[in-house]
Every structure is written in C-alpha cells, then in structure tokens.
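Here is the structure we will look at.
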Amino acid sequence: MEPLLSVAGLTKRYGGRLACDGIGFTLDPGEVLAVVGESGSGKSTLLSLIAGEVAADAGSVAYRMRDGATRDLDTLSLVERRALMRTDWGFVRQDATQGLRMAVSAGGNVGERLMGVGDRHYGRIRATALDWLARVEIAADRIDDPPTRFSGGMRQRLQIARNLVTAPRLVLMDEPTSGLDVSVQARLLDMIRGLVAELGLAVIIVTHDLAVARLLSHRVLVMRAGRVIETGLTDQVLDDPQAAYTQLLVSSVLAA
Amino acid sequence: MTPAPSSSPLPLLVFEDVAKSFTLHLRGGAVLPVIAGATLAVHPGECVVLGGASGAGKSSLLKMAYGNYRCAAGAIRVRDGDRSVDLATAAPREILGLRRTTLAYVSQFLRVIPRVGARAVVEAAGIEGGLAPAAARTRAADLLARLNLPKRLWALPPATFSGGEQQRVNIARGLIADRPILLMDEPTASLDAQNRAVVVDLIAEKRAAGTAILGIFHDADVRQAVATRIVDVSAFHGALAA
Ligand SMILES: Nc1ncnc2c1ncn2[C@@H]1O[C@H](COP(=O)(O)OP(=O)(O)O)[C@@H](O)[C@H]1O
Ligand SMILES: Nc1ncnc2c1ncn2[C@@H]1O[C@H](COP(=O)(O)OP(=O)(O)O)[C@@H](O)[C@H]1O
Ligand SMILES: [Mg+2]
Ligand SMILES: [Mg+2]
C-alpha cells in the first residue's frame, strides 16, 4: 500500500541552530504517529514544516490526495494547498486561541470549516455544528457562545470538532492536552482515542508526555535537538528502548 | 500434566536460536545478557509452560513473542495463515497486524484506559480481534460472568478495582477473540482458588479449539493442570557469555 504521507529529509535552520535536521518517515491511512522529545527538540517546527506554514531549507512532503494521486506539496498552487488544509487536513494547536476564532461563536467556529468546503445552507450547517458539538460533549445551549467563555478543556474539544467536521484524513496535533488538569486531560484523550479509531484518521501527534504517546499512537518517533533518535512500534520503544537518550527519557517518568 | 495433542501439524510459533540482552546506557553501557540460543516450537493445542527462577528471562521471551521486546539475535516465526512472519525483523505495522489477527497476550497487570468501563474494555478487544459488535458484547458478558466479576463493576473503569479484579478483566480481554496464539504471563497470580480453576477451564477450551499457548504459571497446581510441556528457561543460559 502506498503511504498517505511521505516526509523526506525535512530540514529547517534558525540562525545557527538546526530545528529539524533531515527528518523522514511515512504514515499510512489510519496510522497514529507520536512525536516525542523534550522542549526545544523541534517537534512543533516539524509540524509547521509538514503543514507548509514554515518553509523548509531542504526536504519534501508528499501526500496522497483524495483522487489517489501522490503530490509533492511544493508543487501545489496556493489555492490547492489552502483547499487541502481546509478539508482533508486538520491542525489542532496547543494554544486554542491560535486554532480557533475567538470572537466567533462555537457554532460559527465549526460552521466556518463547512462553508470552506462550499456548504452554504444555514440550517444544515447549524445542524451539523450541533451534532459535532454533541460529539465533543459541548452542550447545545453553548452553540452561540464564543470560545472566550469556554474552559481550556472545552476550547480543545471545540478545536477538535472544528477540525473533524470536514472529515479530514490527516490530522496534526501539537500537544493537544498539555496545560490542562489531569482529569480534563483524561477526558480529552479518551475522546481523541475514540474519534481517531472510529473515523480511521491518520494522526501525527506531538507530545512530551510518554503516557499520551502510549495511549494514542501506533508508532513513535523520538526527537532530540532536531534529529530522530529512535523510531518504532510505540510499546517497543517505550518498554525496550535502544538509544541512550530514549532510555533516559523513559526512566525520567513514572510508569508511562 | 495434560497429554499433548495426538496429531502435530505445523507449529504456530517457533523460536530459532533467539538471544536477548539489555544494554544499560544509564549504567555506563553495561550489557545484561538474559537469553541465548532459545529454540522452541509451540503447536496448535499445546500449552507450553516456561519454567525457571525469577529473573531467568521468562517474561522477556513472552514479550519478544508479542513484539514488545526486540530480539538481539535469532528469529521468532509466527504462522499467519499461509505465511510465516519473523517478529525479529517485522515492521511495526506488521506486528500490529499480527496482534489484531494472530497474537493474544495476557500481561501480568492490566494497563487501564481512563474512563472506559470493564465490559467495554473487553468488548473493544473482541471487536479489534474481528468479532462482530453484538458477538463481542455477549462474549464479554459471558467471560466476565464466568470469571465472577461482580456485575455492579462492569460499567466502571477498572482503575479503582482490586488487583484480582483487574486481572480478571485483563484475562477476559486477552481471551475474548479467537486468535491462534495465546501468550500468558502469570495470569493467575492474584486470583483465588475458585477463579484459578475458571482460568484452567478457559485454557483447556482454548487448547481444544487448537490455540497454541505459551505461558508462565507460578502456581504449581495450575501449572500441572494446564501444561502439556514445561521448558526450563535456564537451559537458554548455557550459551550466555559469562
Ligand atoms: N520562529 C522561530 N525563530 C527562531 N527560532 C525558532 C523558531 N521556532 C522554533 N525555533 C527554535 O527551534 C528549536 C525547536 O523549537 P520547537 O520546534 O518549537 O521545539 P518543540 O516543539 O520540540 O519544543 C528551538 O531551539 C526553538 O527555539
Ligand atoms: N526492559 C528491560 N530493561 C532492562 N532490563 C530488563 C528489562 N526487562 C527485563 N530485564 C531484566 O532481564 C532479566 C529477565 O527478566 P524477566 O524476563 O522479567 O524474567 P522472569 O520473567 O523470568 O522473572 C532480569 O534481570 C530483568 O531485570
Ligand atoms: Mg512545541
Ligand atoms: Mg516474569
């Protein structure tokens, strides 16, 4: 089977520092890849490069489009790339204020992505938005509230609804649960786990929390200082780590 | 000991000259040799029990057979329909595929998933193993009832259960689907006599259905009741470099 996403040699330099240094991997449909590593290791930069939000100094990202053709994302026009990001890809940000429109109602946040794929029917958009709010456990009577009135956990759930409403095949997530209370985290993780399995999503999830990687991912990629230190089956990498750095990472947390 | 099955068709699980060692980078790169020259085959309907002292490497062998630990050398061949896959060299995707279709594993402890109830945990394992949702639901209930898990616990997440209760959920989860190979790591350690006897029965049923079982059973009575053969893992230390 041809992979959904192929990343090769992705490199990004900030001044004298290599934020990403020749990163490569492939992702199959429905596969969940966790990118782990300590702060500053280049995880967010990797996602930005894949999403084309930051220009790479070297390397390529190829994606199998809905029509089955694999395209190098550099060859897409700006319009094509925007359309891809708005429909077939999702991006759940660590900071909800960057992933949501804070001045727009919850329903509007979800509806906006639907309008982006051409839906103009107000009643249908509102019904779909309501359905998605329910799926992420946001009460129907909050549909007209802006996310500024939501708690941290609710904002992340709204981001998930906003991203998944267009039935994307690939979702990037940058630390979606960090900064939340433990019980709020557990609820969000459980929701993500359920939706990912139910919808067969391919996901690249960045996290510094190894327990999150274990719960959600099939494969894991360990990064340090812009490089891939170790990669493999998630439980194998966490239970039988080979690289010195991975052993240190695993040993510095309690029972991940 | 239980008699071995009369006909011996192709083995489902084969260890060929398998070695395992750990390189402890946080201890100056010291190498801990655990197993060398492990050769072993498990046929349909057999229950091979790994023996040997604590620390001998029994759990490590099981974990390698599940793809959870890597092999340092040798091959672990898993029969998957018409083909045979070597876990020592298989890609992560292949290992995950084998876990869905072929390999079942009952670990020593349940790794709980937050917010998911006991019955749902077992049911999900059944669906992942290829059962239709309705069948998974029925079978999960049957197994939990047979293992005497009080019905009032079924809807609750096992995080707050006692060790024995968690272990029974774990056993039900491992046994619900019909996978040809079953790996069990001390599944009865925290169970009372009544529930140990249930597990012995469940293992006999799996064997009768042609499952190849490789397990570790501390309790001498259980071991006698389930084993068709006992393999002492210390036999795989001879080839270790001192
Ligand atoms: N826009 C930027 N300008 C300059 N340096 C950056 C920028 N973004 C990231 N970096 C640097 O690149 C490295 C990797 O950062 P980042 O990808 O955010 O890591 P992580 O997400 O793993 O914490 C860090 O040293 C960071 O300071
Ligand atoms: N992930 C690991 N990292 C380092 N050492 C390990 C690991 N797993 C097991 N060991 C060591 O390997 C040896 C065999 O352990 P194990 O297979 O659990 O034995 P048994 O199940 O026979 O008691 C022990 O010395 C144990 O400490
Ligand atoms: Mg980051
Ligand atoms: Mg053991």
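The values are calculated or read from the model by the stated rules, or taken from the named source; none is laboratory data. Keep in mind the model is a prediction, meaning the values are calculated, not measured. Methodologically, a virtual Cβ is constructed for each residue, glycine included, from the backbone with ideal geometry; neighbour enumeration extends over all protein chains shown. For accessibility, only protein heavy atoms count, side chains too; no ligands or nucleic acids. Shrake-Rupley method; radii C 1.70, N 1.55, O 1.52, S 1.80 Å.
Observations on the model:
- Full-extension gain in nm, A:Ser151 to A:Leu73, via 0.36 nm per residue minus C-alpha separation: 24.5 nm
- According to the calculation over all Cα-Cα pairs in segment B:111-178, the P(r) per 10 Å bin from zero is 25, 60, 16, 0 %.
- Neighbouring partner chain Cβ atoms per residue of A:235-242, average, 10 Å criterion: 5
- Förster-model FRET efficiency, 51 Å R0, A:Ala244 and B:Ala141, C-beta, rounded to 0.05: 0.60
- The angle between the Cα long axis of helix A:182-199 and the main principal axis of chain A comes to about 80°, on a 0 to 90 degree scale.
- Crossing angle, helix A:122-135 versus chain A [Cα axis fit, 0-90 degrees, rounded to tens]: 50 degrees
- Here the calculated FRET efficiency for A:Arg101 and A:Arg66, from their Cβ-Cβ distance with R0 = 35 Å, stands at 0.85, rounded to the nearest 0.05.
- Distance between modelled label sites at B:Ala30 and B:Asp192, nm, 7 Å Cα→Cβ extension: 4.3 nm
- D_trans [Stokes-Einstein, Kirkwood Rh over alpha-carbon pairs] for segment B:144-242, 10 °C, 1.306 mPa s, µm² s⁻¹: 107 µm²/s
- Protein heavy-atom accessible surface, 1.4 Å probe, per residue over the protein assembly as shown: 43 Å².
- Between A:Ala140 and A:Ser178, the modelled label-to-label distance comes to 3.8 nm, taking each label 7 Å out from Cα in the direction of the beta carbon.
- Exercise: per-residue mean of other protein chain Cβ atoms within 10 Å, B:21-27: 4
- Listed residues A:Ala106, A:Tyr63, A:Gly24: farthest to the positive end of the dipole of segment A:1-120 (Cβ charges): A:Ala106
- A Förster distance of 25 Å, applied to the separation of the beta-carbon atoms of B:Lys151 and B:Arg115, puts the FRET efficiency at 0.80.
- Considering helices alone, the calculated mean residue ellipticity of chain B at 222 nm is -10000 deg cm²/dmol, with DSSP H runs of length four and up weighted by -39500 (n - 2.57) and normalised per residue.
- Surface composition of segment A:101-167: carbon and sulfur atoms hold 54% of the protein heavy-atom accessible area at a 1.4 Å probe.
- Annotation for A:Ser39 and A:Arg17: the two label points, set 7 Å from Cα along the Cα-Cβ direction, are 1.2 nm apart.
- Within the same chain, lysines fewer than 8 places from B:Lys151 are excluded, and of the rest, none has a Cα less than 18 Å from its Cα.
- Peptide A:75-81, shielding by other chains (average Cβ, 10 Å cutoff): 0
- Ranked by the mean number of other Cβ atoms within 10 Å of their residues, highest first, the peptides B:43-49, B:225-231, B:58-64, B:194-200 come out as B:58-64, B:43-49, B:225-231, B:194-200.
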